[in-house]
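Everything below concerns the one structure shown next.
We did not get these values from a lab; they are worked out from the coordinates using the rules stated. Being a predicted model, the structure only gives us computed values, none of them experimental. Please note: Cβ atoms are built from the backbone with ideal geometry, for glycine as well, and neighbour counts cover all protein chains shown.
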Amino acid sequence: MAATKTRSQRNRRSPLASFGLHLTLLIASAVAVFPPLWLLVTSFKPKSEAFSTDIVKDPTLTNYRYVLNDTEFLTWLGNSLFVVAITTVLGVFIAATTGYAVSRFRFPGMRPLMWLLLVTQMFPMAILIVPLYNIMSTLGWLNQPISLIVTYLTVAVPFCAWMMKGFFDTIPVEIDESGRVDGLNPFGTFWRLIVPLARPGLAVTAFYTFITAWAEVAYASAFMTGEQNLTLAAGLQTFVNQYSSNWGAMTAAAVMIAVPAALVFSWAQRHLVAGLTAGATKS
Amino acid sequence: MTVDARQSADPAGGMDSTPGRAVKADTTRTRTPGRIRRALATHWYAWAMVAPVVIVIGVIIGYPLGRGIYLSLTNADEANVERNIGVNHIPATYDFVGLDNFTAILKDEVFWDRLGWTVTWTVSCVAVSFALGLGLAVLLNRQIKGRAIYRSLLILPWAVPAFVSVFAWRLLFNEKNGILNKILDGGGIDAVPWLNDPTLAKFSVIAVNIWLGVPFMLVALLGGLQSIPGELYEAAEMDGASPWQRFRHITLPGLRSVSSTVILLSTIWTFNMFPVIFLLTRGGPGDSTEILVTYAYRLSFVNSPRDFAGASAWGVMILLILLAFATVYRRSLRKQGEVW
């Protein structure tokens with residue numbers, strides 16, 4: 001009785017407070033959405049008006065047509081998809097196994113491992129590029145997608161492993177125990193019982209790995225020299241140098257790069273809140 | 001058999017297990033004969049599971065890191081490293097110089113300048129995006145119409161690749177034709193050189209980074225808020241606690257563990273936030289927005305001759321600063337009883 005009363009009290013908000021709440025959220029949303037939206041608007045403008053501030057006068061698809069037909073865009077898209085798909089699958093898998101091991105087992109080397117995962121995020125990657133470039137060229141991996149896949153894994157996996165650890169911590173240990181009682185070894189328990197339960201966490205990890213690999217510029221421009229080997233993010237940079245700052249083409253390409261990311265995002269979004277919190281609370 | 005041994009070593013949850021682990025390590029150590037074999041038998045599952053990560057990180061970070069630290073102790077630059085000119089192979093001729101690079105950095109005014117700005121940049125970015133993220137999370141955690149829509153819109157900046165958004169911001173900031181200045185012009189205000197005036201450029205890069213950082217904070221804190229039991233608020237309300245008291249004594253403590261992780265990570269990320277500054281201003285105008293990382297990059301890629309040793313030494317300094325920060329931070333958390 002008392003409980004329902006207080007709840008209804010909390011729900012009853014004065015119209016002024018309600019107005020303020022919505023106004024704040026609306027302004028914040030507008031600020032969040034405006035820059036990408038403006039990019040979208042600009043991409044439909046003819047080249048000569050790229051910087052005009054009018055909403056599109058005569059919308060045109062010229063920019064898109066140019067990017068699709070006269071640049072290597074589709075090749076880059078293929079390269080990107082290949083690199084990103086493999087990075088995401090591998091990244092999610094090894095982040096999950098690591099997270100699980102750290103969450104469930106007490107083993108020598110666990111604390112150093114947690115530190116290692118943190119420290120890898122501290123060393124500035126700008127400095128790593130040169131030595132990494134040398135390794136890749138020694139291995140003959142320059143211009144090969146594998147160089148990017150391996151590099152992106154080191155960038156994304158430490159954070160993902162931390163996040164997965166926190167997520168596994170929220171799954172009751174009794175489930176593991178019941179699996180072992182039924183005769184599964186730890187790998188079996190992990191694969192058959194825990195992984196299905198951890199889907200929200202995996203979705204978040206997948207999204208994070210995806211966006212890391214999809215948007216990375218520096219390594220991709222350093223390791224991939226031939227134009228037909230570039231990824232989308234690195235390819236976009238060539239528009240500014242090469243075609244004397246073709247802003248129109250650049251906006252169109254940027255929109256086309258952002259759209260797949262937004263799609264993956266909207267898929268992962270449902271899990272975002274649940275997954276990240278688990279990671280953040282417990283890690 | 002091994003299975004049972006391990007099971008006993010995994011108590012419910014992870015956080016309070018430090019004593020347990022210490023005991024475990026001791027028992028293993030006392031049985032010296034076959035210790036390694038025993039450890040292998042007990043822990044091989046765990047080791048097998050972390051092996052891929054350790055190997056990948058070891059090769060890809062370990063070697064370059066070791067090499068970077070070594071280079072930081074030499075005087076390597078473009079002119080004396082190993083290189084190939086045409087078919088001629090020229091061996092490396094740089095020398096080991098000990099800590100010279102580091103003493104030079106510490107005496108260099110540029111370093112302290114850049115460090116000061118990097119700290120300002122990190123603190124203001126993390127503090128403001130944390131505050132905004134927290135405020136929005138609290139608003140979104142209420143019963144309101146269109147909550148799901150607001151949430152999607154507010155975390156949208158996260159979905160757009162960072163270099164695309166930075167590019168969009170450059171369009172907005174453009175001094176002659178950017179929309180920000182057009183709007184100001186409409187209000188009778190002269191064009192503002194957003195990215196071309198040292199002070200304004202600092203302000204602009206911080207603003208863009210906050211714009212990029214709020215969604216992460218928002219999502220993490222929103223999740224944290226949702227894990228605080230609603231009964232706590234109801235009880236507090238019945239005891240007559242004001243909204244501010246409820247926020248101060250229920251919300252903030254409830255968010256402590258989420259916030260501690262989020263702040264630690266975003267401090268590290270922001271301190272090394274290369275793309276935003278590099279793509280937005282290239283460190284300019286002059287070197288006013290140059291943080292430590294972009295300066296190190298400039299030493300090794302932009303300046304001529306390319307100073308590899310100097311850049312590595314800057315990188316090692318960055319690493320040391322962040323390590324010191326993480327250690328202090330963790331220790332202060334531990335005092336409050338939180339361990340990871």
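Quick rundown of the values:
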{"quantity": "Kyte-Doolittle mean at least 0.0, axial Cα span of 20 Å or more - DSSP H helices of chain B", "calculated": "B:35-57, B:109-140, B:198-226, B:256-271, B:308-335"}
{"quantity": "Rounded, prolate or oblate (a/c below 1.5 giving rounded, otherwise prolate when a/b exceeds b/c) for the range B:138-244 by Cα gyration tensor", "calculated": "prolate"}
{"quantity": "Rel. contact order, % - alpha carbon contacts under 8 angstrom, at least six apart, chain A", "calculated": "28 percent"}
{"quantity": "Cα Rg, Dmax (largest Cα-Cα span) when computed across the protein assembly as shown, Å", "calculated": "26.0, 89"}
{"quantity": "For A:205-212, mean number of other protein chain Cβ atoms within 10 Å", "calculated": "1"}
{"quantity": "Extension gain (nm, one decimal) between B:Ile144 and B:Leu40, 0.36 nm per residue minus Cα-Cα", "calculated": "31.9 nm"}
{"quantity": "Links that overshoot a 21 Å alpha carbon limit, given the list A:Lys45/B:Lys202; A:Lys45/B:Lys176; A:Lys165/B:Lys335", "calculated": "A:Lys45/B:Lys202; A:Lys165/B:Lys335"}
{"quantity": "Simple label model, 7 Å out from Cα along Cβ direction - A:Ser266 to B:Arg248, nm", "calculated": "4.4 nm"}
{"quantity": "Per-peptide average of other Cβ atoms within 10 Å, ordering B:236-243, A:94-101 highest first", "calculated": "A:94-101, B:236-243"}
{"quantity": "Zero-based 20 Å bins, Cα pair distances in chain B, whole percents", "calculated": "21, 45, 30, 4, 0"}
{"quantity": "Net charge of Cβ neighbours under 11 Å - reference B:Leu195; Lys, Arg +1; Asp, Glu -1", "calculated": "+1"}
{"quantity": "Rg over Rh [alpha-carbon atoms, Kirkwood Rh] for chain A", "calculated": "1.07"}
{"quantity": "Order by protection proxy (mean Cβ within 10 Å, highest first), peptides B:205-217, A:16-28", "calculated": "B:205-217, A:16-28"}
{"quantity": "Sorted peptide list for A:115-122, B:228-235, criterion being average Cβ within 10 angstrom, highest first", "calculated": "A:115-122, B:228-235"}
{"quantity": "Shielding by partners - mean other protein chain Cβ count within 10 Å, residues of A:21-32", "calculated": "6"}
{"quantity": "Coil-residue GluC sites (Glu not before Pro) of the range B:44-133, DSSP, other Cβ within 10 Å capped at 16", "calculated": "B:Glu78, B:Glu82"}
{"quantity": "Relative contact order, percent, chain B [alpha-carbon distance under 8 Å, six or more residues apart]", "calculated": "23 percent"}
{"quantity": "Residue-averaged [θ]222 nm for chain A, counting only DSSP H segments that reach four residues, each worth -39500 (n - 2.57)", "calculated": "-25000 deg cm²/dmol"}
{"quantity": "Sequence-distant residues sharing a close amide H with B:Thr74 (under 5 Å, placed H)", "calculated": "B:Val97"}
{"quantity": "Inter-chain shielding of B:169-180 (mean C-beta neighbours from other protein chains, 10 Å cut-off)", "calculated": "3"}
{"quantity": "Helix-only CD estimate at 222 nm, as mean residue ellipticity for chain B, using -39500 (n - 2.57) per DSSP H run (n ≥ 4)", "calculated": "-21000 deg cm²/dmol"}
